[in-house]
Every structure is written in C-alpha cells, then in structure tokens.
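Inspection log for the structure reproduced underneath, given as structure tokens.
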Amino acid sequence: MSEQTFYKYFPELEEYGIVKVSRKIGKAKLYRINVEHPLVKILREYELKLSQEMAGKAKMKKPI
C-alpha cells in the first residue's frame, strides 16, 4: 500500500473506531488499534488460526 493510499483511508479507520488516539504529543497524535472493535477481534482470531495452521504444517514437514 502506498503512503498516499494509507493517508487517504486512515481517517476512516479512526471514524469507524478501528484505531483510537492513545495520546497527543504537541500537534502529533499517537494511535493504538482498538482491540475491542468487532472487526479487529475477528482479524486477531483469524491470525491466530492461520498461525496455528502454519505451525502444524511446519511440524509435519520437520524430519524426525
């Protein structure tokens, strides 16, 4: 993803509550992903399942 595309869509992530401002330092805003957001929860579950599946496949390929 290009930087331009990222900055184009980032305000929507904040609007939908996927990311939240965690603090401000001067004019800069620092963001944190909102782990309570339903979409973020689904993505985290998917990541865990995918990691477990990949680990299982790697374990099966490992020579004894």
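Values computed for the structure shown
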quantity	calculated
Residues located in segment 5-64, provided they are of a type in the set (D, E) and not in a helix (DSSP H, G or I)	E36
Every pair of residues 6+ apart whose Cβ atoms lie under 7 Å, when the first sits in segment 38-53 and is under 19 Å from Y16 (Cβ atoms) while the second is at pLDDT 95 or above	L39/I18; V40/I18; V40/I33; V40/N34
Filtered residues of segment 15-28 (kept if surrounded by fewer than 13 Cβ atoms within 10 Å (Cβ to Cβ), in contact with a strand residue (DSSP E or B) (Cβ under 8 Å, 6 or more places away or on another chain) and either closer than 17 Å to R44 by Cα or of a type in the set (K, R) (or both))	R23, K24
Selection status of M54, at pLDDT below 95, surrounded by 10 or more Cβ atoms within 10 Å (Cβ to Cβ) and not β-branched (V, I, T)	yes
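The values are calculated or read from the model by the stated rules, or taken from the named source; none is laboratory data. Since the structure is predicted, the reported quantities are computational estimates derived from the model, not experimental observations. Here the Cβ is made from the backbone with ideal geometry for all residues, glycine too, and neighbour counts use every protein chain on show.
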